[in-house]
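Asks: The following block contains the structure, expressed as structure tokens.
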Amino acid sequence: MLLLLVAALAAIDVSTLKIGPPTIVTELDLGKLKGELRQLAWSPDGTQFYIQTAEGAPPSEKLHHYVTPVGGGVPTGADQPPAWAVEYWSVKSDRSAPGVATMMIDAKQTLEVIKAGTGQAGALDREANPTGGNVGNIETMAKGNDQKQKVTVWRFTLLGETVSEFMNARPLPGLMFSWGPAASGAIAFVDSNGRLVLLDQHKHKQTVQGVKDGLLPAWSTDGARLAWVQKSGRKKYTLLWSPVTQ
């Protein structure tokens, strides 16, 4: 089977990709790492991950930086993000697909009436969710399941698919999506049910099996691996990656 290489200037049909069994890298205890998850980045050689957490509320939130080996280990604190992490994140979270400028995410803010309750239709209060976004375990909801409230919604869409959604929260590009390798025309995103979904410029789709309460998808630069974090407990997440072959 052929590894997907960034040098291959060909579009990817995500429906033909094989996503292998996940490998656990490390457990992320936000009680120890301080704050909430904000960034996940691959090093260019694929040997390290960069993890960023944010403590406090913007604009005065405090950022914490960590690096951990892809092979596993406890995250090590750093004074600042490595240069490669800054470059990776700028591409991962960009509005346009790398090498396919016409493939662009649309962002729209609306005021919507949402019924309080459980699930996506009642996601009014994201206090228990570290992202403030559309995934994760909703532990705190607006009082009264029959109530209706107006919420501010930021929705990022691509080719008719919602690739990020934030209710009563600051929108964070890249938190729930990651562009694929350059010129691939592919994207990985977390849907409203916390599932990891692949989409390409021809609207082919594939849902990665076994992913629940996902966050921070991150496609390696060479396209051969796909990483993400998955909620494993209160303020705890597991960092995993799977091989991607065609």
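Please treat every number below as a calculation from the coordinates, not as lab data. Because the structure is predicted, anything quoted here is derived from the model rather than measured. So basically every Cβ, Gly included, is an ideal-geometry build from the backbone, and we count neighbours across all protein chains shown.
Asks: Mind checking the full-extension length gain between Glu112 and Thr157? Use 0.36 nm per residue of separation minus the Cα-Cα distance, one decimal, nm.
Replies: So the extension gain works out to 14.5 nm.
Asks: Also: Taking neighbour Cβ counts within 10 Å as the exposure measure, how do Thr26, Thr162 sort from fewest upward?
Replies: Listed from fewest to most nearby Cβ atoms, that is Thr162, Thr26.
Asks: Here is a follow-up. If one computes the Cα centroid of segment 26-76 and of segment 165-236, what distance in Å separates the two points?
Replies: Taking the Cα centre of segment 165-236 as reference, the centre of segment 26-76 is 17 Å away.
Asks: Can you list the aspartates and glutamates whose alpha carbon sits under 16 Å from that of Lys205, skipping same-chain ones fewer than 8 residues off?
Replies: Within the straight-line limit of under 16 Å, Lys205 reaches these aspartates and glutamates: Asp13, Glu161, Asp191.
Asks: Could you work out how much longer the chain between Ala57 and Lys205 gets when fully extended? Use 0.36 nm per residue separation minus the Cα distance between them, nm to one decimal. Can you show the working numbers first?
Replies: Numbers: separation 148, 0.36 × 148 = 53.28 nm, distance 3.56 nm.
Taking Ala57 through Lys205 to full extension adds about 49.7 nm, to one decimal.
Asks: Further question: Starting from the Cα of Lys62, draw a straight line to each of the lysines and keep only those under 20 Å, dropping any in the same chain fewer than 8 residues away.
Replies: Once the sequence-local lysines are set aside, what remains near Lys62 is Lys32, Lys34, Lys235, Lys236.
Asks: Further question: Lysines near Lys203 by alpha-carbon distance under 30 Å, same-chain residues fewer than 8 away left out - which ones?
Replies: Cross-link targets: Lys18, Lys92, Lys108, Lys212, Lys231.
Asks: Further, regarding this structure: Which whole number in µm²/s is D for segment 14-245 by Stokes-Einstein, with the Kirkwood Rh taken over Cα pairs at 4 °C and 1.567 mPa s?
Replies: It diffuses with D of about 72 µm²/s by this estimate.
Asks: A further question on this structure: What is the order of Tyr50, Tyr66, fewest Cβ neighbours within 10 Å to most? Write down the numbers at each step before the final one.
Replies: Working: Tyr50 23, Tyr66 19.
Ordered from fewest to most neighbouring Cβ atoms within 10 Å, Tyr50, Tyr66 come out as Tyr66, Tyr50.
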